[in-house]
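Any read-out appearing in this document is the output of simple, stated calculations on the displayed coordinates, not a laboratory observation. In this text the structure is predicted, and so the values were computed from the model without any measurement. Cβ placement follows ideal geometry from the backbone for every residue including glycine, while neighbour counts extend to all protein chains displayed.
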Ligand code: GLY
């Protein structure tokens, strides 16, 4: 893969890899007016980098919101709509979302709904944003206790993925994004798996290639299935059990990390996959060893398993009171809409808490 590379699809242009901001900044000249959306972190750490690469953007108005998932709600959307109104934004104005998943999700949603639709460009600044949230047009906000309950599928006009922004990430943010990188390797990219296997994420020195491969994997999926009717569901591998664990630990311990939760979900769901498909035990062990090398395990006892399984029933992937999973057929190949018996789910959680590491 020659980097940076650009890719123009019917609806979205992508610029990916070191130097992509510099290479693609001229595309922003096509828009008569740009407003930049930041949070306090990206304002401090990323906006100066953006201005350095694209000095014309210093003239643009900036809307600042508070960082964090707890602020990804309709009140924040309302604030952005107010600011867009105050700044006289029109449908020809572009919203430039500079930030992680919260900024690209809520900025995309605010833009897509303002005056029936402004265009937006995503410039993700976290690993999770670069390989997942900024790509694929899922926009929205949380509503009451439900994540991404209100939103739209609407593509940005462009996505610029430049690893230059990663210099200020802390290790939790690296871990969160790395769980998604591992997911692409497991569901569709054996070559990425071989590149990563055996390494702790802090030992990786070729992020430019790793991010480009993972982002390319996601683009390939969403180009086929933007609205998640088919193959895009494969991206949910690890997320059904992972989200339930995330909710459980948020309620009981008031904090968790997305990375740890998805890593745990991938261990359980890989174990179920090995029970349902022709999947060698050695491969399962290889996957679990790699995940354990990079993520701590949650500690909970058997008495909590029932509650965790109940939390899965709030999942968007639930249909007719049944749980459907994305599973691995083998390393590098996934499938979706696999109905899984609750007893098997419980057994996978038992495996997770009892297995000797
Ligand atoms: N994050 C999963 C998806 O975009 O479909």
Scan 229, 195 and give me the residue that is more than 21 Å from residue 169 (Cα to Cα), surrounded by fewer than 19 Cβ atoms within 10 Å (Cβ to Cβ), within 14 Å of the ligand (Cβ to nearest atom) and without any contact (Cβ under 8 Å) to a residue 40 or more places away in the chain. 229
Considering only region 95-115, I want to know if a residue exists there that is outside any helix (DSSP H, G or I) and surrounded by fewer than 24 Cβ atoms within 10 Å (Cβ to Cβ). no
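One line per residue, one yes/no per condition, for (1) closer than 24 Å to residue 70 by Cα; (2) in contact (Cβ under 8 Å) with a residue 12 or more places away in the chain; (3) touching a strand residue (DSSP E or B) at 6+ places or on another chain (Cβ under 7 Å):
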{"site": "251", "(1), (2), (3)": "yes, no, no"}
{"site": "273", "(1), (2), (3)": "no, yes, yes"}
{"site": "284", "(1), (2), (3)": "no, yes, no"}
{"site": "292", "(1), (2), (3)": "no, yes, no"}
{"site": "304", "(1), (2), (3)": "no, yes, no"}
{"site": "307", "(1), (2), (3)": "yes, yes, no"}
Given the condition under 16 Å from residue 45 (Cβ atoms), in contact with a strand residue (DSSP E or B) (Cβ under 8 Å, 6 or more places away or on another chain), outside any helix (DSSP H, G or I) and in contact (Cβ under 8 Å) with a residue 60 or more places away in the chain, answer yes or no: does some residue in region 133-152 qualify? no
